[in-house]
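Report on the structure given below.
The values are calculated or read from the model by the stated rules, or taken from the named source; none is laboratory data. Predicted model, so just to flag it, every value in this text is computed and none were measured. Cβ coordinates were reconstructed from backbone atoms using ideal geometry, including for glycine residues, and neighbour counts include every protein chain displayed. Please note that ligands, DNA and RNA were not included when accessible areas were found on the heavy atoms of the full protein model with its side chains. Shrake-Rupley method; radii C 1.70, N 1.55, O 1.52, S 1.80 Å.
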Amino acid sequence: MDTLLHPSTSSMAKRPCPSSAENPMLPSFFSQMDNLLLSFLSLSDSSPPVSLDLSFDRLLESAPSDADQSLLIDRAHNLGSLLLRAANRSARKRASLHNSIAWALPPDLTIKVFSMLDSQSLCYAAATCSMFNKCAMDPLCYANIDLTTVVPKVNNAVVSTMIQRAGKSFRSLKLGIVPGPTSSPGSCQPLVYSIRNSVDVSSFSWNDKKTRQGKESSILTRSCLYPLSGDNGAAGTLLRRLHLYNIERMDNASLCVALAACPSLLDLEIVGLHVELRQTLMSVSSNCHLIERLFFESSKTGRDDSLKSPTCVDLVNNCPNISYLSLRGFKLHDYKVRILVKGFRKLKYADFSTSYSISGTFLRNLGSGFGGNLLEVLILRDCMHLKEVEVARFLTAVLAGDFKFLRYLDISNREGLASEGDWYQRSYNSSIIPLKQVLEVRPNICLLAEFPSEGCYIDIDHMFDSDVNSEISLPSQLSSHTSDGSLLMSSSESSYNSDQGSGNEEYQVSGFVIYEESSDEVDFLVV
């Protein structure tokens, strides 16, 4: 003990050179240190702790001055800390060696498995042991970054760090809040988020979500996509898939800058962002010429009527590879929708659910010639101005042999279809729509046509707090047959009020309420 606390001159000298040839005293030094450590560790555990205390007190009493006593105490602290760190390091090395022997997969296959995990599960795996941590740091594990959460957990720093780790393997990025524990872009639940439909916020404190001194803000802001355009757009050039959900502080300028850095983008999904449809599509048509899938759900259903015909034409001309188009909750007019559907020659999937102004005239002669004839999926759920006569004409064209590839059609409407002469007159069980005939002639079509009972009263208060959802993927069992041969699906609520006027008239939306959360109220907890 005295030797440990009263080091010799050689032990206080500079750290010896690793080469034993240059320093012949090195073996003897290591031997002396090993013997001292062995003697110290050989102390019996059964010895009363007071004996160690008494021994240390005697050493302090033998010190000639107060300064020497302080030096002894400091040295005891330092040696204890060094010994503890050495023990922890050796324990980790032994555990890592044990894991490498017990773990059946080699590192390359382990990295392959980790690359299939979502980002949160990858972080959990990395924290398990040093071997897993080393494998989880491989860029391949961050090729497809998924930071979507049910509750706020991610901030800008996390996004930037993971993009840096991905390096040249970077291919996909998903960010934001997807409400509901099972909610996903292919589910029936609303994708537009508000604090009212959050399922797990009971443990959150608003004070924890505020930026405080010494604590980094844990909310995604408009600069969360800056890593895509930073470093001369190196990361954005590699990106193939970008999905953004309910990032309240995102604006048009920041989104357009990010899209400008993604010339190889194939899949773009935007839900609940406070960005304008026209500006976003202009940026897509200018920068993302290879895009194949475009999904855009408005944060303010029925209010965004910014889309202009020239923008539609530019999108069709500059992005000819689009085969999947979903514009949900926008105030679209038939002639604009027709430009899109007829213009995209490869279009197989079209979803215009809750499009406020669609009457269905764009469906006329859609199956003949190029554009529209390749449609496999058409979703017009809860389009408030969709007319029964236009639906009847469309299904008659299906019976006549048009739309040979069509396999899924949704014309359900929670307020019924609009009558031809009077918009106020709603049709709940139309006799002119040949549902039975279509099911008999084309049994391969999954036809969803659910309407409320005639004269059904709809609570306006519930309409404001609900949102409409159509199917993005096609599950194997979607509906059930009714007695009249039509197919029914559980009703989904629209998030806008019934309005006056025809589907293609410019009119004032009255009595419409938008509920929004303050951008300062929704924050993220850093994992």
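Within the accessible area of segment 257-377, the carbon and sulfur atoms contribute 51%, probe 1.4 Å, all protein chains present. The loop-placed chymotrypsin sites (Phe, Trp or Tyr not before Pro) in segment 331-409, going by DSSP, that have at most 14 neighbouring Cβ atoms within 10 Å of their Cβ come out as 370, 405. The largest-to-smallest principal axis extents of the Cα set in segment 326-413 are 29, 24, 20 Å.
Too long at a 23 Å Cα-Cα cut-off: which of 336/436; 112/153; 300/336; 331/387; 112/168; 336/387?
Values: 336/436 31 Å; 112/153 26 Å; 300/336 20 Å; 331/387 16 Å; 112/168 16 Å; 336/387 17 Å.
Exceeds cut-off: 336/436; 112/153.
Between the C-alpha center of segment 304-333 and that of segment 250-292 there is a gap of 12 Å. Each residue of segment 401-417 was assigned a 3J(HN,Hα) from its phi angle through the Karplus expression (A = 6.51, B = -1.76, C = 1.60, θ = phi - 60°), giving x, 6, 6, 5, 9, 5, 10, 8, 9, 10, 10, 4, 8, 6, 10, x, 7 Hz with x at Gly and Pro. In this structure, the amide hydrogen of residue 243, modeled 1.01 Å from its nitrogen in the peptide plane, lies closer than 5 angstrom to those of 173, 174, 175, 269, counting only residues at least 5 positions away or on a different chain. Computed from backbone phi, the HN-Hα couplings of segment 53-66 come to 5, 5, 5, 5, 5, 5, 5, 5, 5, 6, 5, x, 9, 5 Hz, rounded to whole numbers (Karplus: 6.51 cos²θ - 1.76 cosθ + 1.60, θ = phi - 60°; Gly and Pro given as x).
Quick check: Cα centre of segment 384-458 to Cα centre of segment 139-167, how many Å? With segment 384-458 and segment 139-167 each reduced to a Cα centre, they are spaced 44 Å.
If you wrap the tightest convex hull around every Cα atom of segment 233-346 and split its volume per residue, you get 83 Å³. Phi angles across segment 240-250 convert, under the Karplus curve 6.51 cos²θ - 1.76 cosθ + 1.60 with θ = phi - 60°, into 3J(HN,Hα) values of 10, 9, 9, 10, 10, 10, 6, 8, 5, 8, 6 Hz, Gly and Pro given as x. Apolar share of the accessible surface for segment 390-443: 52 percent from carbon plus sulfur atoms, 1.4 Å probe.
Note on surface exposure: 342, 168, 331 rank 168, 342, 331 by accessible area, highest first, 1.4 Å probe.
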